[in-house]
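The values are calculated or read from the model by the stated rules, or taken from the named source; none is laboratory data. Owing to the predicted nature of the structure, the values given are computational and were not obtained by experimental measurement. All Cβ positions, glycine included, derive from the backbone under ideal geometry; neighbour counts span all protein chains shown. Side chains included, ligands, DNA and RNA excluded: accessible areas come from the protein's heavy atoms. Shrake-Rupley method; radii C 1.70, N 1.55, O 1.52, S 1.80 Å.
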Amino acid sequence: MDVFPLNIPGLMILGTDTDVGKTYVSTAIARQLISEGIATGAYKPACSGSIQERNSGDYYWNDIELLSESINRTFPLERICPQKFHAPLAPPVAARKEGRQIDHDLLWQGALWWQDQVEFLIVEGVGGVLCPLTENTLVVDFAAELKFPVLVVARAGLGTINHSLLTVEALQNRGLCVAGIILNDVDPELSDESRSSNAEQIQQWTTVPVLSFVPFEWQSNLLHHQTQDRIDWVQLALHPSRFVIKE
């Protein structure tokens, strides 16, 4: 099917890897926008890795539940994520284990549905930017179709300079606009000295702004790591070439 940009502003949240905190960052942004009175949607085109309830035996997908909660459970779960799979694998691999196949058109139609429902859309990717999304496309390909500015979520600790710069380069080589980088502290047990210098080192090697350093279990807004002001996500999405912060 033909694809075209959505007619609402939004951000695509992509990671340098799996389990770097994409959902955490996505939900924090959604909660802030809703607190500011902005009708906000959350969309994840595919999700792998279910959890089984101990008592009922029912299955749920934690990322989808968290995204739904962040937008006040206003929309059906199937609108937040149209294709979900049980195995914690790349979506096309998880789909094959169930005798299924990723439906690319459904992924795109699911995104298009939101443009008549909300004023701002947060789209969360799967795994890292070069993770397979369908049998013949990567996550970065979906991002290129969507044409939203990209927010990169990276681990805060050792190794993130390389991972962050590689991710930014891969995105920019595909012609995507990278609006910023969020360093997320995913594991307090893995403390290392690099946390105090990684943001500055990344900034030395790319013009993409390092917007925020998120401490482990931080429950407030994502704040700009230098000024501690709240980030204006709408302005960032509309004008990604210039970083805007809120008083």
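Suppose the filter is open to solvent by 20 Å² or more (accessible area, probe 1.4 Å), acidic (Asp, Glu) and within 24 Å of ASP105 (Cα to Cα); does GLU53 pass it?
Numbers: open to solvent by 20 Å² or more (accessible area, probe 1.4 Å): yes; acidic (Asp, Glu): yes; within 24 Å of ASP105 (Cα to Cα): no.
Taking the combined requirement at face value, the residue does not satisfy it.
For LEU171, all conditions in the list (1) of a type outside the set (Val, Ile, Thr); (2) touching a helix residue (DSSP H, G or I) at 6+ places or on another chain (Cβ under 8 Å); (3) at pLDDT below 95 hold save one; what is the number of the exception?
(3)
Just checking, does region 60-75 include any residue being touching a residue at least 60 places away in the same chain (Cβ under 8 Å) and either open to solvent by 30 Å² or more (accessible area, probe 1.4 Å) or part of a loop (DSSP other than H, G, I, E, B) (or both)?
Scanning region 60-75, I find at least one residue that is touching a residue at least 60 places away in the same chain (Cβ under 8 Å) and either open to solvent by 30 Å² or more (accessible area, probe 1.4 Å) or part of a loop (DSSP other than H, G, I, E, B) (or both), so the answer is yes.
Quick check on ALA179: is it small (Gly, Ala, Ser), open to solvent by less than 10 Å² (accessible area, probe 1.4 Å) and not in a helix (DSSP H, G or I)?
yes
Got a sec? Which of VAL93, VAL25 is of a type in the set (Val, Ile, Thr), part of a helix (DSSP H, G or I) and open to solvent by 30 Å² or more (accessible area, probe 1.4 Å)?
None of the others qualify; the one that does is VAL93.
Would you be able to tell me the number of residues in region 118-151 that are among the aromatic types (Phe, Trp, Tyr) and in contact with a strand residue (DSSP E or B) (Cβ under 7 Å, 6 or more places away or on another chain)? Steps first, answer last, please.
The first filter runs over region 118-151 and keeps only residues among the aromatic types (Phe, Trp, Tyr), leaving 120, 142, 148.
Narrowing the set further to residues that are in contact with a strand residue (DSSP E or B) (Cβ under 7 Å, 6 or more places away or on another chain) leaves 120, 148.
Total meeting the criteria: 2.
When the residues of region 10-21 are narrowed to those that are of a type outside the set (A, V, I, L, M, F, W, C) and at pLDDT 95 or above, which ends up surrounded by the most Cβ atoms within 10 Å (Cβ to Cβ)?
Among those residues, the one meeting the criterion is GLY15.
Checking ILE161 against (1) at pLDDT below 95; (2) farther than 30 Å from PRO5 by Cα, which single condition isn't satisfied?
Every listed condition holds for ILE161 apart from (1).
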